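Structure first, commentary second.
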Amino acid sequence: MVVTLKEVAALAGVSRSAVSRAFTEGASVSAKTRAKIEKAADQLGYRPNALASSLTTGRTKLIGLVSNNFHNPIFLQVFDLFTRALQDRGLRPLLVNLSDETDPINSVRMLRQYSVDGVIVASSTLPVSFAESFHAAGVPVVHSFGRYAARPRVNVVGIDNVEAGRMAAQDLVRRGYRKVAMLAGPETATSTQDRLLGFLDALKGHGGVEVTTSYAKAYSYDAGWEEMRRLLATGPLAEAYFCGDDVLSIGALSALWDAGLSVPDDVGVIGLNDMEMARWNNINLTTIRQPIEEVVGLSVEMICAMLGDKSRQPEARLLHCEIVERGTLRPARDRG
């Protein structure tokens, strides 16, 4: 049997409204009365109904967690970090899959039906318009892994994808590669565009370096495998590839191994993210580490701050990346 508020009130010897106030954040109730109510609730095993409480407070504590790439294993880590961080703050994550969604207005309408208090858009491929649509509807929003802007219309937390592309190019040149390529993600993704921009820009000053570009259909293992298989069939291959994401890199590595090629002896590969699988001994991927835990932590801090002050001005926060060296690129030439 479910214990009711009425039973708690009867055992504590107080009114039902006093019990309701005791379990309502910010409501006024004396310390003596609260102690009696909490003792009675513990004795009966009573727990307040969170949904019922939202009718009183006007806040559901629901935070829409929106993404569109459930094929990428990195988001298992992202969702784990987000859900735990939100729950630690007393908030309730509502996971929303927008893999087939193209109209941000539909997304806003759907999440407003659930009366979410705020939204975190966790995606590097959804356009800025998705997050901006929530902002326009008066819903506090943070775009995690979003595109940087000097004057953002919504809060953005992520990395400088242009700089990440530069880092990859400079590292390949430092290792003596002279025929390099980028196996990028989907061409329409802002993260792809920015990483490619930085990659090409860093190579402009190296006249002896030949560079080519190709695009995978998605940030997924299958897309990386298929694109590398296409490159193998059309040939010749570059000496080293910057894959725009770790999962693309792992797909590309599998295609290279299937073709009987050795990495890094025949072809070098560098990824981006430093997902857990990249550290596995059978993969051992050299990659650019994206500080995912920091992105998640700062995003949750931002959404909590906005819930307390919806007039806060949007800001963009960039976090630094670093190269994690493992075994898929040959050693740098400047080593002794």
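If you only keep lysine pairs separated by 8 or more in sequence, or across chains, how many in the chain come under 17 Å at the Cα atoms? Write out the running numbers ahead of the final one.
On the way: 6/36; 6/39; 61/310; 179/204.
Value for the chain: 4.
Nearest 10 degrees, 0 to 90: what angle lies between the long axis of helix 190-203 and the longest principal axis of the chain (Cα atoms)?
In the chain, helix 190-203 runs at an angle near 40 degrees to the longest axis.
Ranked from highest to lowest mean number of other Cβ atoms within 10 Å per residue, what is the order of the peptides 130-136, 249-255?
On the way: 130-136: 22.0, 249-255: 24.1.
Going from most to least packed, we get 249-255, 130-136.
Explain nothing, just the number: dipole magnitude of segment 98-155 about its Cα centre with +1 on each Lys and Arg Cβ and -1 on each Asp and Glu Cβ, in debye rounded to the nearest 20. Mind dumping the intermediate values first?
Numbers: 5 positive and 5 negative charges, 48 e Å.
Here the size comes out at about 220 debye.
Using the Cβ atoms and a cut-off under 10 Å, what net charge is assigned to the surroundings of residue 318, where Lys and Arg are +1 and Asp and Glu are -1? Before the final figure, lay out each step's value.
Working: positive: 317; negative: 160, 163.
My count for the surroundings of residue 318 gives -1.
Using Stokes-Einstein with the Kirkwood hydrodynamic radius over Cα pairs, what translational diffusion coefficient do you get for segment 186-336 at 10 °C and a viscosity of 1.306 mPa s, in µm²/s rounded to a whole number? Can you show the working numbers first?
Working: Rh = 17.2 Å.
So the translational diffusion coefficient is about 92 µm²/s.
What is segment 165-261 by shape, rounded, prolate or oblate, if you read a ≥ b ≥ c off the alpha carbon gyration tensor as root eigenvalues and call it rounded for a/c under 1.5, prolate for a/b larger than b/c, and oblate otherwise?
Working: a/c = 1.99, a/b = 1.25, b/c = 1.59.
Oblate shape, in that a/c is at least 1.5 and b/c is the bigger or equal ratio.
Given contacts defined as C-alpha pairs under 8 Å and at least six residues apart, what's the relative contact order of the chain, whole-number percent?
On the way: 629 pairs, mean separation 52.7, N = 336.
Reported as a whole number, the value is 16 percent.
Rounded to the nearest 5, what % of the DSSP beta bridges within the chain are antiparallel ones? List each step's numbers first, then the result.
Numbers: 3 of 40 bridges.
Bridges in the chain that DSSP calls antiparallel: roughly 10 percent.
Provide the convex hull volume over Cα atoms per residue for the chain, in Å³. Walk me through the numbers before you get to the answer.
Values: hull volume 59.1 nm³, N = 336.
Dividing the Cα hull volume of the chain by its residues yields 176 Å³.
Read-outs throughout are calculated quantities, based only on the coordinates presented, and are distinct from any laboratory measurement. Note that this is a predicted model, so its numbers are computed, not measured. Methodologically, a virtual Cβ is constructed for each residue, glycine included, from the backbone with ideal geometry; neighbour enumeration extends over all protein chains shown.
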